[in-house]
């Protein structure tokens, strides 16, 4: 699973799946891959193109959303955040400050959810 998550993060493919999987792994107590996963996020935020950075921001936002939907305090992921990831994490909190949980945690659309 670790290699699959890292491959998806590096390619920017299905970041929603990665966020959902990270929440599930945490709830199952399976966090050994988190250093690698969050290390990639940090690296991509620092060195990635604008498009890659936007993808990582979306990943972190989805991680917060999936945590909320699973009644999990998203702060549990903070020990794995690097310096840049932490800045984005706080920016997302400020961005949604004062909004209802429903408004702040809109469910992301998956490509397969939009197919007829």
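The values are calculated or read from the model by the stated rules, or taken from the named source; none is laboratory data. Worth saying up front: this structure is predicted, and the values here are computed from it rather than measured. FYI the Cβ positions are ideal-geometry reconstructions off the backbone, even for glycines, and counts take in every protein chain you see.
Residues of region 1-23 that are surrounded by fewer than 14 Cβ atoms within 10 Å (Cβ to Cβ) and within 14 Å of the chain's Cα centre (by Cα): 10, 13.
Looking at the structure I just gave you, is residue 55 crowded, with 18+ Cβ neighbours inside 10 Å and without any contact (Cβ under 8 Å) to a residue 60 or more places away in the chain? Criteria met by residue 55. Taking region 1-52 and the helices (runs of 4 or more DSSP H) fully enclosed by it, the elements with 1 or more residues that are modelled with pLDDT of 95 or more are at 15-27, 34-47. Condition check for residue 94 on (1) touching a residue at least 12 places away in the same chain (Cβ under 8 Å); (2) surrounded by fewer than 13 Cβ atoms within 10 Å (Cβ to Cβ): one failure, at (1). Quick check on region 75-89: of everything there that is in a helix (DSSP H, G or I) and in contact (Cβ under 8 Å) with a residue 12 or more places away in the chain, which residue is farthest from the chain's Cα centre (by Cα)? Ranking the qualifying residues of region 75-89, first place goes to 83.
Kindly indicate which of 116, 92 is under 14 Å from the mean Cα position of the chain (by Cα) and either over 22 Å from residue 28 (Cα atoms) or at pLDDT 90 or above (or both).
Result: 92 is the single residue among 116, 92 that is under 14 Å from the mean Cα position of the chain (by Cα) and either over 22 Å from residue 28 (Cα atoms) or at pLDDT 90 or above (or both).
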